[in-house]
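Visitor: This is the structure, below, for whatever I ask next.
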Amino acid sequence: MLIPYKVDNPSKGIPQITLGLIIANILVYAATTTNFLVINDEALLKWAYLSGQPSLISLFTHLFLHINIFHFVGNMYFLWLFSRSVEGRLGPTAFLLIYFIAGIAGGLVQGIFIRTFAAEQGIPILGASGAIMGVMGAYLYMFPWSRVHVFYWFFLPGTFEVMAFWVIGSYFLLDVIGGLISGLAKASKGVGNLAHLFGLITGFLFCKAIRAKRDTEALSNVKATLSNPADFSEMSYWNLLTVLGAEPDNIEALKTLMDRAGGEAKKESLDRAMRSAGPDLIQKAPALVADYLTSKNGDMEIYQPKHILKLASIMKAEGRHEDALRLYEMLVQCFPNSEDAEMVFFRMAQIQWDQFKDATAALSSLYKMQSHFPNSSLSSTAQTLRRDIQKSSKNQK
């Protein structure tokens, strides 16, 4: 007995479509079975895809029917095991297209086989197996080097790891053999081998047609490391770059790379990584971007003035006033003609006075604002702040 039980290919977020499909299958199974064990005859004849009396609606509904509890549990198990990574890579729309196109294609081919070769006609076709094999075909295309953990029981139990292409390829081979045996025996009942085969082929070709991204062996090895509770600090420099090549916004990997960016070459790698992550990283990890710009002399060309202004505001709100002040200073240095510079000078003066009581620096910022923007809309507010600073300074003397 061989049962895959884990894939070293962690997915991002909650696989909502996968969960939705499993819930839908549970509800349909509960409604169409007797005591949650075996499908009832009425549902079988009404909603299964009958090879002798095919209909368009049954091509869809047969994907949610299962003959018994073992058929149902097995399919849902494999759906959960492989679909999370596929949904995470392709997104909900493409994932659903693969699922239903593969399932319908598998049902059609199985029905044609029964009508053409089988000795017994009118056999119902049911189950999500063709659709799930389509998901596995997509997995094979995108993650061929992904490690799969397999449980075995031959006299004694144990586990081993193997590449995904060996696992899925073995199922493909078993279905080829099963299909040949069914064809030679003109059998129509039992496992729908052709539905499995054409479902898998459909999923694989769909991903090839849309040019879905494929993981390299090196990236799969890194993901295998990430799938276990491991510290990024233990990962090699080149593996970090491999992770960031596939996941530019991986915050933990970026933090680790930043900690190691001591030499000039590594600083260039950090700049490239931050450039790939882009300004959207400000919303996800503002402290990381602030540290990159202020402590690592980061590449300001990655960001526009509005991005720096937003980041500085976040730092100020979080109480990191020194970082906020440094970001404002960098903004006016790099973008002196920006329309935001007027507001930046004023905010600099506020922080310099309110947080650090540095009257000289605050008055200097207000003077720069007035000289650069003589008709500033903030003139009256700036005058009030200037008077408060001068008054407080005199009282202290």
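Visitor: Give Gly103, Gly107, Gly122 a once-over and let me know the one that is touching a strand residue (DSSP E or B) at 6+ places or on another chain (Cβ under 8 Å), of a type outside the set (A, V, I, L, M, F, W, C) and closer than 12 Å to Gly199 by Cα.
Guide: Step by step, each of Gly103, Gly107, Gly122 is checked, and only Gly107 is touching a strand residue (DSSP E or B) at 6+ places or on another chain (Cβ under 8 Å), of a type outside the set (A, V, I, L, M, F, W, C) and closer than 12 Å to Gly199 by Cα.
Visitor: Provide a single number: the residues in region 10-52 that are assigned to a loop (DSSP other than H, G, I, E, B), buried (at least 19 other Cβ atoms within 10 Å of the Cβ) and among the polar types (S, T, N, Q).
Guide: Qualifying residue count for the region: 1.
Visitor: Does region 22-42 contain at least one residue that is small (Gly, Ala, Ser), out of contact with any Asp or Glu (no Cβ under 6 Å at 6 or more places or on another chain) and in contact (Cβ under 8 Å) with a residue 40 or more places away in the chain?
Guide: Checked region 22-42: at least one residue is small (Gly, Ala, Ser), out of contact with any Asp or Glu (no Cβ under 6 Å at 6 or more places or on another chain) and in contact (Cβ under 8 Å) with a residue 40 or more places away in the chain.
Visitor: Out of curiosity, is Tyr328 closer than 29 Å to Arg272 by Cβ and either assigned to a helix (DSSP H, G or I) or among the polar types (S, T, N, Q) (or both)?
Guide: Considered against the rule, which asks whether it is closer than 29 Å to Arg272 by Cβ and either assigned to a helix (DSSP H, G or I) or among the polar types (S, T, N, Q) (or both), Tyr328 comes out as yes.
Visitor: Now for a separate question. Considering each of Ala224, Ala265, Ala287 in turn, give the residue that is more than 19 Å from the chain's Cα centre (by Cα), at pLDDT below 80, assigned to a helix (DSSP H, G or I) and not assigned by TED's automatic domain parsing to the domain that holds Gly179.
Guide: Ala265
Visitor: Follow-up question, since we're still on this one. Taking Phe345, is it modelled with pLDDT of 90 or more, of a type outside the set (Asp, Glu), farther than 30 Å from Ser269 by Cα and not in a helix (DSSP H, G or I)?
Guide: no
Visitor: Within region 113-129, is even one residue among the basic types (Lys, Arg) and either under 27 Å from Asn9 (Cβ atoms) or modelled with pLDDT of 85 or more (or both)?
Guide: No.
Visitor: Here's another thing I want to ask about it. Is it the case that Ser11 is over 19 Å from Ala195 (Cβ atoms) and in contact with a Lys or Arg (Cβ under 6 Å, 6 or more places away or on another chain)?
Guide: Against the criterion (over 19 Å from Ala195 (Cβ atoms) and in contact with a Lys or Arg (Cβ under 6 Å, 6 or more places away or on another chain)), Ser11 qualifies.
Visitor: Among Gly107, Gly74, which is the only one that is at pLDDT 95 or above and within 21 Å of Val135 (Cα to Cα)?
Guide: Of Gly107, Gly74, the one residue that is at pLDDT 95 or above and within 21 Å of Val135 (Cα to Cα) is Gly74.
Visitor: Let me ask something additional. Hey, among Ile168, Ile201, which residue is modelled with pLDDT of 90 or more, under 23 Å from the mean Cα position of the chain (by Cα) and part of a helix (DSSP H, G or I)?
Guide: Ile168
Visitor: List the residue pairs whose Cβ atoms are under 8 Å apart, where the first residue sits in region 274-301 and is aromatic (Phe, Trp, Tyr), the second is surrounded by fewer than 20 Cβ atoms within 10 Å (Cβ to Cβ) and modelled with pLDDT of 95 or more, and the two are 6 or more positions apart or on different chains.
Guide: none
The values are calculated or read from the model by the stated rules, or taken from the named source; none is laboratory data. Model, not experiment: these values are computed from the prediction. Glycine also receives a Cβ, built like all others from the backbone with ideal geometry; neighbour counts cover every protein chain displayed.
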